[in-house]
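Q: Take a look at the following structure, please.
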Amino acid sequence: MKNAAAILILELSLVALLYGQEPASMSKKAIDYYNRGLHHYTLNDYARAADYLNKAVSEDSAFVKAWLILAQVYEDWKQSAIAIAIYRKVVSIKPDYYPYALVHLARLEYKMAQYKEARNHYKQFLELPGSKNEKHIEKAKDGIARCDFSIHAVDNPVNFKPVTLGTAINTGEDEYWPSISADEQILVITRLTEGKFIHGNKQEDFYISNWTEEGWGPLREAGYPLNSPDNEGAQTISANGRRMVFTGCNRPDGLGRCDLYLSEKMGENWSIPVNIGTPVNSNFTETQPSLSADGKTMFFASDRPGGCGAVDIWVCREGDDGKWTKPVNLGDTVNSSGNEMSPFIHPDGKTLYLASDGHIGLGGYDLFICRQDSAGRWTKPENMGYPINTNKDEFGLIVNPSGNRAYFASDIDEQNGRDIYYFDLPESVKPNYVSYMKGIVYDKETRRRLKASFELVDLKTRDLINKSQSDSITGEFLVCIPVGRNFLLNVSKNGYLFFSENFSVKGIHLFDKPFLKDIPLSPVKVGEVIILKNIFYETDSYTLKEESIVELNKLVKFLRDNPHIKIEISGHTDNVGTADYNIKLSDSRSKSVADYLTKADIAQERLVCRGYGLSLPIASNETEEGRAQNRRTEVKIIE
């Protein structure tokens, strides 16, 4: 208790209640010491308060009220071990004198990881005869549930072997809030720097490391404009490492105490961070963001109204117009009546890690995992277990895309302060596997690097999984690909033919061998060809499969965006069957595509259909892989 109002509550709830039970003490000297100690306690002078109260109980060892206030002094003085010893003294003298002292004692024992002792004292409180405050009864029952969980967790530890990232990353100063790109080539951390002060506090700045053959390279200060004379921290970076959102507090352009700021990387330079603004930021606190793989969905912690507890997890999404939607609370399944913070959405888009002191855990903030089901509902958070969680505060966990390694900050080595560690995730709390494709987009003729748009679509559901752009200067891109489904990838840019690719990644884990592919885009001109890799037909038929719809619609848009061109739609087959059969099949397939386009209001006179059968192979027909490449539909610009 830190002020006069708090001590008044203490007097009403504890001291005043005790006066009604029996005389405080028969010793005037003890009462005088008690009153002096209580006076210094109201001034937050814990040392002198403890001195006088100790003298009071020395004069009268049965002075229970003085013992109780002395326990409270040591608790507020952050000397929990002494407070526990004193509470135990109180309940040994007369446990029914102030029954709620048992709950105070149990709460402190739970905080100190003395779970069995805490459970016994919660139980003792409930078994005491006489009427009890219903609120206190609920606290005791909740405490027993937490102790039962903690005892079981400690008796059944999960595999947890944290490894420091080494001296290239960690120093004697505090390093925390790690963020990592999908290919694990870029690491961003927050460092609390000694010797730099802002508003009377140490300076928080961003530092960046790149992966090398020898491991993580030395951290370098991110510099301007990411770092400023203000504090920056609690950052998140997108999967491609080119979008960062971070927390800035008490800034001139802030809407609340802490706001979220956005910066984009172009080439090697970061843009000047801008306040994301309303409706994401408010006159309350928004902090600890986490971006989805495409950088378009953002989870964050906030104490804004409309939540379930003091601090909740919220989510919003950036629209095609660059504006963020109104944040939505994740609801009372994820959020508790306590505090939820440090959300991390894995690149699979379905697994969320967070810290909470409201859900049942081992004390303080624990780390939890929740998963999103097929209907979009989040499961109840599951505690990640001991010793990942302890009676201390754990938060700020991130997990790599492959789902086998977690990074976090801890003060395990207290001499070096808070440092960055990693550990291998236990199987039960792993997310879904995620692979990725990375490379460079360039002009096929000039080799100039291009900024182009990417769309990753689920072929079966037609859901847009990922939408992003390559770097405007370097042409570099990185697209996360969830494992277990079939996907279509389209790359497009005005003035160029679009690029088409598909991935069948069902039942396999590809992260150890990601897709590395440079993508040439051809300018729109006569003679250029697109292979439509996402046009599919029924076997030995010209009937289009449903999975072809996304690609066909992409072709419709391309023709609408380029109304002056005329195209040839050509069908091609492998060498299975007669030449005559394959000519007829390929011709019918090209006409099926043309029929779809005309139904979408593309003029028939812009379309020419031809079936080439097996006459123009692009690969050997001696293998199934080669034959699959030869079975294709192409579009060529002819006018």
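Q: Given the residues 554, 545, 591, which is the only one that is at pLDDT 90 or above and over 44 Å from the mean Cα position of the chain (by Cα)?
A: Answer to the selection: 591.
Q: What helices (runs of 4 or more DSSP H) completely inside region 524-639 contain at least 2 residues that are surrounded by 13 or more Cβ atoms within 10 Å (Cβ to Cβ) and among the small types (Gly, Ala, Ser)?
A: 579-599
Q: Right, another one. Output the residues belonging to region 407-447 that are basic (Lys, Arg) and out of contact with any strand residue (DSSP E or B) (no Cβ under 6 Å at 6 or more places or on another chain).
A: Residues of region 407-447 basic (Lys, Arg): 418, 430, 438, 444, 447.
430, 447, listed by residue number.
Q: Please work out if residue 187 is touching a Ser or Thr at 6+ places or on another chain (Cβ under 7 Å) and either of a type in the set (Ser, Thr, Tyr) or under 30 Å from residue 514 (Cα atoms) (or both).
A: Spelling it out, residue 187 is indeed touching a Ser or Thr at 6+ places or on another chain (Cβ under 7 Å) and either of a type in the set (Ser, Thr, Tyr) or under 30 Å from residue 514 (Cα atoms) (or both).
Q: Right, something else. Which is in contact with a Pro (Cβ under 8 Å, 6 or more places away or on another chain) and surrounded by fewer than 18 Cβ atoms within 10 Å (Cβ to Cβ), of 432, 494?
A: Answer to the check: 432.
Q: Tally time: how many residues in region 124-147 are of a type outside the set (A, V, I, L, M, F, W, C), surrounded by 16 or more Cβ atoms within 10 Å (Cβ to Cβ) and more than 17 Å from residue 363 (Cβ to Cβ)?
A: The qualifying residues number 1.
Q: Out of 120, 170, I need the residue that is free of Cβ contacts under 8 Å to residues at least 24 places away in the same chain, surrounded by 14 or more Cβ atoms within 10 Å (Cβ to Cβ) and polar (S, T, N, Q). Which one?
A: Criteria check complete, one pass: 120.
Q: Sort out for me the helices (runs of 4 or more DSSP H) sitting completely within region 63-177 that have 2 or more residues that are outside the structural domain of residue 382 (by TED's automatic domain parsing) and acidic (Asp, Glu). Spell out the reasoning first.
A: On the way: elements: 64-76, 80-93, 101-111, 115-127, 134-155.
In region 63-177, 64-76, 115-127, 134-155 are the helices (runs of 4 or more DSSP H) which contain 2 or more residues that are outside the structural domain of residue 382 (by TED's automatic domain parsing) and acidic (Asp, Glu).
Q: Let me ask something else about it. Can you go through 371, 405, 377, 448 and tell me which one is outside the structural domain of residue 289 (by TED's automatic domain parsing) and either at pLDDT 90 or above or among the aliphatic types (A, V, I, L, M) (or both)?
A: Result of the check over 371, 405, 377, 448: 448.
Q: Determine which member of the set 259, 253 is charged (D, E, K, R), at pLDDT 95 or above and more than 30 Å from residue 482 (Cβ to Cβ).
A: 259
The values are calculated or read from the model by the stated rules, or taken from the named source; none is laboratory data. All of these numbers come straight from a predicted model, not from anything done at the bench. Here Cβ is always computed from backbone atoms with ideal geometry, including for glycine, and neighbour counts include all displayed protein chains.
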